[in-house]
1. Measuring from centroid to centroid over Cα atoms, what is the spacing of segment 230-245 and segment 151-221 in Å?
2. In whole angstrom, how long is each semi-axis of the equivalent ellipsoid of segment 57-262, when you take the square root of 5 times every eigenvalue of its Cα gyration tensor and sort them from largest down?
3. Tell me, what is the percent relative contact order of segment 57-262, built from C-alpha pairs under 8 Å that lie six or more residues apart?
4. From the cross-link list Lys157/Lys224; Lys157/Lys198; Lys178/Lys198, which pairs have alpha carbons spaced over 25 Å apart?
5. Quick one: net charge of Phe93's neighbours, Cβ under 13 Å, K/R +1, D/E -1?
Amino acid sequence: MKLKTIIPMLLAAAISVAGFQACKQANLKPEGLQMNSHPQGNNITNIPCEPYSADNPFDSVGIKHNATLEDVRTSVSFYNSTFNQRINRAFQFISQQYGITSSFTVTQITNIVADSSNSFNGVINGLSISNNLRNRLRNLILLIKNSSNFDNYCSLKNEILLLEEAALNDNNLSAEEKNVFLRVASIARHTLYYWTQKYMEVTGYDANDPSASQTERSKRPWWKWAVVVLCDVAGGIAGASGGVAGVIGGAVGGSAGAAGFVDWIAPPK
């Protein structure tokens, strides 16, 4: 299977709310993302593994995140909706369904999305945590950034599980720092599953005829979807100090805001 390395380009280094809306029309992406030029994977709607982990006590974080994303998609859509509309709907949903009040503002979410040009180091460095945890969070970001590949979700999930196991077994991490990593990792596994499935559905990917949807995949490159995954995870990291509520609030804000990068997920028919 040949891998095609996408030509590196940076997202805008600084994005205002208005600037973000313009940015989604540009040919911009994080550096280092890769995608498969001739995928050979699984049936369009059948990823052969699920995002869950019985070993992560915070796996409900990722489940709630995905439920929120799906509500945003069906309520205000990812297509032709504003940055504010998507974020506000996400925050409304977690408040109504889970009793979670997000303390994030639209400006803060905008800044998280903008930090994608810096591999979210600004988000990570802004936390009052140990360097050990900082490095583990960076490794999680880099794993997704360098390995995101829509037809290889199961392998990527397993690599995330290995990072979770390593964090759990690290005696130099405090109990709360382990919990932070587990919450964020749950977001990563679940959001990757969500966007992989949506990508396969929209592009008409068919394992029995991998060339059939090649035109659609060329028009809808995976890296745009990976941008949203990374913003999900970065939002969760930004809210880490706020416990479960903070992680979910940050993640759903980041994903809802960044969903504008894939503004053809559900175009009008």
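1. 16 Å
2. Taking √(5λ) for each Cα gyration eigenvalue gives 26, 21, 15 Å.
3. Details: 284 pairs, mean separation 72.8, N = 206.
Relative contact order here is 35 percent.
4. Values: Lys157/Lys224 19 Å; Lys157/Lys198 17 Å; Lys178/Lys198 30 Å.
Table pairs above 25 Å Cα-Cα are Lys178/Lys198.
5. Working: positive: Lys64, Arg73, Arg86, Arg89; negative: Glu70, Asp71.
With Lys, Arg at +1 and Asp, Glu at -1, the neighbours total +2.
FYI, it's all coordinate maths here, none of it is from the lab. Fair warning: this is a prediction, and the values are worked out from it, not measured in the lab. Cβ sites come from the backbone with ideal geometry, for glycine too, and all protein chains shown count toward neighbours.
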